[in-house]
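Below: one structure, written as structure tokens.
The values are calculated or read from the model by the stated rules, or taken from the named source; none is laboratory data. Since this is a predicted model, take the numbers as computed values, not measurements. Cβ coordinates were reconstructed from backbone atoms using ideal geometry, including for glycine residues, and neighbour counts include every protein chain displayed. Heads up: the accessible areas ignore ligands, DNA and RNA and are worked out on the full protein's heavy atoms, side chains in. Shrake-Rupley method; radii C 1.70, N 1.55, O 1.52, S 1.80 Å.
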Amino acid sequence: MSVAALVAYRYHNDVDGSWMWPASAAYFTLACTPRVWWAAGVGAAQLAYKAVEFSVVLDENVPRYVIHIAGEGLLLIGLIGAGRAVVAVTNWRGRLREADARARAAEERLEVSREVHDIVAHTLAVVGVQLNVAADLLREDHDLGQDRDFGQDRDFGQDRDFGQGRVEAAEALRVAKDVRNRAMTDLKSLIGVLRNDPDGAIPQPHPASLATLVEDARATGLEVLLDVPESLSAIPAAQGSAVYRIVQESLTNTLKHGDATRATVTISAGPDVITVMVSDDGGGCAELVERHGLAGMRERVGALGGTLHLASGPGGFSVRGEIPVAGSSP
């Protein structure tokens, strides 16, 4: 319509000047759409009409004719090229946003998978040990009661040994229940993340909560020595979460695979690097295979620019993570 209006105006008015420039906005806009070939076709037709109309100057000034028609053609090509460049840049930016969104989603899924593994693995390890302890204690208590001659020993209830197994079994079940409840809270938050629930969040534990984690492990019968600095609460959130998960996964592996009686957790927080080391006196393993747990630890440390060292031998298994503090030279 813009070109038609221009042709009608020029037909009824003797105006000397550009035919392309007054319709430049229309050509550029059309070039930004999938109907770019319409812009090229209409522009070529308009240029041809202009060439015929302006041919009256050929006898007087050929260079002027050539320059004028060439200028109009270059303007048309520039308008269409600019429109297509805008489309290309817009599409490129869209692809970048999509790729970035996919990368963020993949990283979030990976982070959620690590959290689920660490939470579930630790919970099942501790709860499993506590349930076995409770079952053994109740069985021993039952066998002790069966050995009594109830008709001759009316004071069997006063015996300190009989019934003690039930008390200890109840304590083991209480610990298992507490661990289970904490895990359910964290899992609900993670499920909220997967469902895009605004209340969902990836749990961010901190080393300040290590005492509870260690008590869970001690409740299974494992002797755990904890050596942490007084400035533990000053560790940044991201580094603190990684430290907590490293200790959690290491103690979980000790309970599940280490056949150990003692584990040592040592954390040192320097101005540049936070070092966490967990070792046990178990049998170690003949071949070190990094599955979900160990790979997750390495990914956590690597994401913060740190390093993870694993060692296994007859003296036990050890994990050493070195995590730089944000803003430090490492």
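Within the set 254, 212, 261, the sole residue that is in contact with a strand residue (DSSP E or B) (Cβ under 7 Å, 6 or more places away or on another chain), open to solvent by 40 Å² or more (accessible area, probe 1.4 Å) and not hydrophobic (A, V, I, L, M, F, W, C) turns out to be 261.
Can you find even one residue in the stretch 285-305 that is within 15 Å of residue 228 (Cα to Cα), modelled with pLDDT of 85 or more and charged (D, E, K, R)? No, that holds for no residue.
For residue 299, indicate whether it is among the charged types (D, E, K, R), in contact with a Leu (Cβ under 9 Å, 6 or more places away or on another chain), farther than 27 Å from residue 219 by Cβ and open to solvent by 20 Å² or more (accessible area, probe 1.4 Å). So residue 299 passes the test.
Among all positions in the stretch 251-262, there is no residue which is in a strand (DSSP E or B), within 16 Å of residue 210 (Cα to Cα) and not small (Gly, Ala, Ser).
I'd like to know if the stretch 230-242 contains one or more residues that are in a loop (DSSP other than H, G, I, E, B), open to solvent by less than 20 Å² (accessible area, probe 1.4 Å) and at pLDDT 75 or above. Yes, that holds for at least one residue.
Taking first residues from the stretch 297-319 that are under 10 Å from residue 242 (Cβ atoms) and partners that are part of a loop (DSSP other than H, G, I, E, B), the Cβ contacts under 8 Å between residues at least 6 apart in sequence or on separate chains come to 306/330.
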